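Structure record follows, encoded as structure tokens.
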């Protein structure tokens, strides 16, 4: 699992959470909320889908790490690798 | 005290056999049923009425995902009613708009879905969705409409079992008369076929319809009827005070003439024809009319062996004195029982009779039950009436709630 693989998995989830959004040009280092219409409930959906699909837990104190695609990859890739 | 006159100026609906009033009415006159079969969780295929409107006509995909089916149906109907009325909310005080939707139940679908969801995760509740509470609060369908339209006035549901569709209109008329609001969206909604619990409940009660041909499964008054066909649907009206409707040159479908809501206070599920007859009589009196003035009676009959007989007893008794009976029909034979939407949808299917003087029939009556053989029943073929100036619409529900609404032809 590379960081790029991890980003793809996160984008797959966001595609289901925010199906009206164009995800083809997401800027990895820009906050997701600044480039997509995502609210706090959507982030809870992302947390839930990580739990359901990948058995990965994101404690509330770590939600800040889901701010951008880059920070997601930074935070989640080791968790994916630990599952492998 | 002379009460203010309330008129219907717009209709939006989705029924198992039509997504507009024109389509719905056309199928009622052509004898076209909308009943099909659906897979019910744990129970296999059963007859049911499902709607085919496009949810994305008025909602984003994300809103459909987060919201409920009842919310989506309500938004579609409310938007269609607004468009039909010609009212643009942009130029209105949205705090003076009321949304009142009748529901039989709400939240069963979403709760069952979540229980099923966590069953896939060994019933670990950490997999229970955070969307559950906003989806299952009783005001959800009306609340979703308020979000979609940006309406900031009162928006809530009225729980009244299967009498609820009429209740949405009645409550809207009351709030307009009280001056609490200036414009109302009132009606009823149902997402019930998505919940196995309602199917299983009626099945255990020996009141769930079964038939090899789903289009024949809902057959009120027929000797072979064996229960209810559960349907989804919605119907929302725009209602206004007459002076407001006149001032903007609105088209007027009809006038809320009178109504009654009462309770049997006798049984959880069994209807009480005495109280039903009382409800019908009081609604006629509330309208300032007599039994002679009623031209069309739309029955609540749900195709259960006992309930249909009891309503026929009630109607037969109320109109016994008439030398020429009113025309009596039933809409559930086409669309099944749309629960909270039933009363509102069934009224809509009959309102065009003011204009075309045609009464749609009740279909699927191959052998009329002698105990349902009341004068005036319009069976299997539409009938042309000499006069349709007053329509009486019955909706009755569990725990013994009855609602009767009388709508009259609009006359200046």
Within 10 Å of each Cβ of A:16-22, how many other protein chain Cβ atoms are there on average? 4
Taking only DSSP H segments of four or more residues, each worth -39500 (n - 2.57), what value at 222 nm results for chain B once the sum is divided by all its residues, to the nearest 500 deg cm²/dmol? -9500 deg cm²/dmol
Isotropic mean projected area of the C-alpha convex hull, segment B:138-220 (nm²): 7.5 nm²
Would you look at the GNM of chain B, springs on alpha carbons closer than 10 Å, and say which of B:192, B:263, B:33 moves the most? B:263
Quick one, what does Rg over Rh come out to for chain B if you take C-alpha atoms and the Kirkwood Rh? 0.96
Could you order the peptides B:39-52, B:211-224 from most to least packed, using the average number of other C-beta atoms within 10 Å per residue? B:211-224, B:39-52
Take residue A:75 and residue B:324, extend 7 Å from each Cα along the Cα→Cβ direction, and tell me the distance between the two endpoints in nm. 7.7 nm
Using alpha carbon centroids, what distance separates segment B:113-146 and segment B:333-370, in Å? 34 Å
With an 8 Å cut-off on Cα pairs and a minimum separation of 6 or more residues, tell me the relative contact order of chain A in percent. 44 percent
Please report how far the C-alpha centroid of segment B:170-185 lies from that of segment A:28-43, rounded to the nearest whole angstrom. 41 Å
Assertion target for B:175, A:1, ordered by fewest C-beta neighbours within 10 angstrom first, is A:1, B:175
Hull surface over four for the Cα convex hull of segment A:3-83, reported in nm², is 4.8 nm²
Can you check what the Kirkwood hydrodynamic radius comes to for segment B:7-247, Cα pairs only, in Å to one decimal? 18.8 Å
For segment B:7-247 the mean separation of alpha carbon contacts under 8 Å (6+ apart) over residue count, i.e. relative contact order in percent, is 30 percent
Counting alpha carbon pairs within less than 8 Å and at least 6 residues apart, what relative contact order, in whole percent, applies to segment B:257-408? 37 percent
Pull out the extension gain between residue B:213 and residue B:115, defined as 0.36 nm times the separation in residues minus the alpha carbon to alpha carbon distance; nm, one decimal. 32.1 nm
If R0 is 60 Å, what FRET efficiency do you get for residue B:412 and residue A:31 from their C-beta distance, rounded to 0.05? 0.50
Mind giving me the nanometre distance, one decimal, between the label points for residue B:204 and residue B:251, set 7 Å out from Cα along Cα→Cβ? 4.7 nm
Which residue, B:363, B:228, B:118, has the most motion in a Gaussian network model of chain B that connects Cα atoms within less than 10 Å? B:118
Take B:111, A:2 and order them by how many other Cβ atoms sit within 10 Å, fewest up front. A:2, B:111
With the Cα gyration tensor of segment B:21-140 in hand, convert its eigenvalues to equivalent ellipsoid semi-axes via √(5λ) and list them largest first in whole Å. 30, 24, 12
In vacuo Debye scattering of the protein assembly as shown, one point per C-alpha: log10 I(q)/I(0) at q = 0.10 Å⁻¹? -0.76
When B:289, B:405, B:270 are ranked with the fewest other C-beta atoms within 10 Å first, the list becomes B:270, B:289, B:405
Here the equivalent ellipsoid of segment B:296-412, derived from its Cα gyration tensor, has semi-axes (largest first, whole Å) of 20, 17, 15
Spin-label pair residue A:39/residue B:122, simplified geometry with 7 Å Cα→Cβ offset, distance in nm: 3.5 nm
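Only the coordinates and a few stated rules stand behind these numbers; no lab work does. This structure is a prediction, so every number in the text was calculated from the model and none was measured. Note that we place each Cβ from the backbone using ideal geometry, even for glycine, and neighbour counts take in every protein chain shown.
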